[in-house]
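In what follows, a structure is listed as structure tokens, so that the remarks can point back to it.
No value in this document is a laboratory result; all are computed from the given coordinates. All of these numbers come straight from a predicted model, not from anything done at the bench. No Cβ is skipped: glycine too gets one built from the backbone with ideal geometry, and neighbour counts run over all protein chains shown.
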Amino acid sequence: MAYSRNLFFLAVASMAIVQMTMAGDPDILTDFVLPANLTTVDGNFFTFTGMRVLVGAPPPPAFKVLKASMAEFPALNGQSVSYAVLLYPAGTVNPVHTHPRSAELLFLAEGNLEVGFVDTTNKLFTQTLQPGDLFVFPKGLVHFQYNADAKVPALAISAFGSSNAGTVSLPNTLFNTSIDDNVLALSFKTDVVTIQKLKAGLAPKN
């Protein structure tokens, strides 16, 4: 009896481990997923034209991301893939953030970038990328990209293993939401006045 019970628990535990290792976007049972308001589609449904604005455009005045995720490109629903083009004017940064549902594979097309991520032991991994380099940011880990060049812009392309990788911007999440000032002051071992200054600097500009 005890042997059977142990076998049962072992089987359940094994299935749980398999499920955890397979975690990610759920598999779909059809070739593709149509939005609820559509019954038929043609090639236009599988075409995203949102990146055309990049062709011949001058560098933007501030860091900018153009995304092709499920929100912008509904044909990606169920396909476990998405894409972003990142534009870094001289001296700009993509602030520290995470992607909770996917790793990020970044390809540097133009310029140079300082990149890095912090693992769960608080070890920092950094690299200086040159055009043609690839760098992977592991799933869910805090990371950044910085164009340290004072004159030359940079352009990178990122691929994600999820149609909706998600982005959690640490500065905005911490200081541009309604987390109590006292909680933040105690967490960062500072005072409320400093926290309020940080919040004021991150407040949306009208």
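For the range 62-91, the residues whose amide N sits under 19 Å from a probe point set 7 Å from the Cα of Leu105 along the beta carbon direction are 67-70, 76-86.
Anisotropy class assigned to the range 137-202 is oblate, per the alpha carbon gyration tensor with a/c at or over the 1.5 cut-off and a/b no larger than b/c. The amide H of Phe188, built 1.01 Å from its N in the peptide plane, has no neighbour under 5 Å, considering only residues 5 or more places off or on other chains. Placing unit charges on the Cβ atoms of the charged side chains and taking the dipole of the range 51-206 about its Cα centre, the candidate lying farthest along the positive direction among Gly161, Phe137, Thr121 is Gly161. Summarising the amide proton neighbourhood of Asp133: residues at separation of 5 or more, or on other chains, whose placed amide H is nearer than 5 Å comprise Leu108. Would you mind classifying the chain by shape? Square roots of the alpha carbon gyration tensor eigenvalues, ordered a ≥ b ≥ c; an a/c under 1.5 is rounded, otherwise it is prolate if a/b is larger than b/c and oblate if not. Oblate. The helix-based estimate of mean residue ellipticity at 222 nm for the chain, built from -39,500 (n - 2.57) per DSSP H run of four or more residues and divided by its residue count, is -6500 deg cm²/dmol to the nearest 500.
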